[in-house]
Amino acid sequence: MNKEVLLKDLGEKIRIVRKDKGITQVQLAHSIGKDQQSIQRLETGNINPSYIYLQEIAEGLNMSLLDLLSQELPAKA
């Protein structure tokens, strides 16, 4: 699997969890001291986030990083 696919899949996982929790990009960004554009880039796979950034995202979503990374993506039709 290539880097671009992995980053897009990670971003999709984050987007799904965020939406399931009823959190907007703006709310998540505000809770971790980032801007909405940063969250948008993360969710679209346009950035390669650091470990610290992923930890902040997990905390902003009120879950552990392990739980966040363990999320399954819906099957693609």
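Since every read-out is calculated from the coordinates, none of them should be taken as a lab result. These numbers were taken from a predicted model, which means no experiment stands behind them. Neighbour counts are summed over all protein chains in view; Cβ atoms, including those assigned to glycine, are modelled from backbone coordinates with ideal geometry.
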Self-check item: Residues of segment 18-27 that turn out to be in a helix (DSSP H, G or I) and surrounded by fewer than 19 Cβ atoms within 10 Å (Cβ to Cβ), as a count
Solution: 4
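Provide a single number: the residues in segment 39-77 that are of a type in the set (S, T, N, Q) and either touching a residue at least 40 places away in the same chain (Cβ under 8 Å) or surrounded by fewer than 10 Cβ atoms within 10 Å (Cβ to Cβ) (or both). Give the derivation first.
Let us first name the residues in segment 39-77 that are of a type in the set (S, T, N, Q), namely 40, 44, 46, 48, 50, 55, 62, 64, 70-71.
Checking which are either touching a residue at least 40 places away in the same chain (Cβ under 8 Å) or surrounded by fewer than 10 Cβ atoms within 10 Å (Cβ to Cβ) (or both) leaves us with 48, 50, 62, 71.
Result for segment 39-77: 4.
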Self-check item: Count of residues meeting criterion [within 10 Å of the chain's Cα centre (by Cα), part of a loop (DSSP other than H, G, I, E, B) and polar (S, T, N, Q)] in segment 28-77
Solution: 1
